[in-house]
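The block underneath contains the structure these notes are about, expressed in C-alpha cells.
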C-alpha cells in the first residue's frame, strides 16, 4: 500500500479538507507516507513505534499510548484498542455523553475489565477486533455522510 501513489495522493488530498483522519494499527504508516502526520503526535501498532519513528522522523511517535489525538488526526495501536479508538472518535464526532452511551451498550468497560484464562485471550481479542472494525467502518461511513451533507448545503 505504501507504494500505491494514487492511494497516498488521495489520502493527502483528503486530509486537506477532512475534519478528521483516523488510522488503526499499521494504518498510521499510510497517513505518515502521505505526510498527514508530519509534526503531529501519533502512534502505531504496539511494538512498532521504533521502526515507525526511524522511517518517518517528522512524526512525533508516542510510545506505549493506546490512542493519540492531535489536530484532527486519531491514531491507535490496533487489536483490542480499536474499541477505545472508535469510542474516542465517536466522542469527537458527536458528544462525550453519546460515546459513553454507546460504550455502555457495547459493554466496553465489562470487556476491558474481563479476567480470562490465557487460552481465551486471543478469541476475545479476535471478536473485539472484528467488532471494532465493523464499528469503525460505521463511524467512517457516518462521517462520510455528515461531510457529504455539509458540502451539499
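Each reported figure results from applying straightforward, stated rules to the coordinates on display, with no laboratory input. Computed from a predicted model, the values in this text were never measured in an experiment. FYI the Cβ positions are ideal-geometry reconstructions off the backbone, even for glycines, and counts take in every protein chain you see.
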Quick shape check on the stretch 36-85: root eigenvalues a ≥ b ≥ c of the Cα gyration tensor, a/c under 1.5 is rounded, otherwise prolate if a/b tops b/c, else oblate, and it reads oblate
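How much FRET efficiency would the formula 1/(1 + (r/R0)^6) give for residue 10 and residue 71, where r is the Cβ-Cβ distance and R0 is 25 Å, rounded to 0.05?
Numbers: r = 20 Å, r/R0 = 0.81.
The formula returns an efficiency of 0.80 here.
Specify whether the C-alpha gyration tensor of the stretch 1-48 places it in the rounded, prolate or oblate class, a ≥ b ≥ c being the square roots of the eigenvalues: rounded for a/c under 1.5, otherwise prolate if a/b is larger than b/c and oblate if not. The partial results should precede the final answer.
Numbers: a/c = 2.01, a/b = 1.29, b/c = 1.56.
Here the stretch 1-48 falls in the oblate category.
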How would you classify the stretch 2-93 from its alpha-carbon gyration tensor, with a ≥ b ≥ c the square roots of the eigenvalues: rounded for a/c under 1.5, else prolate if a/b is greater than b/c, otherwise oblate?
oblate
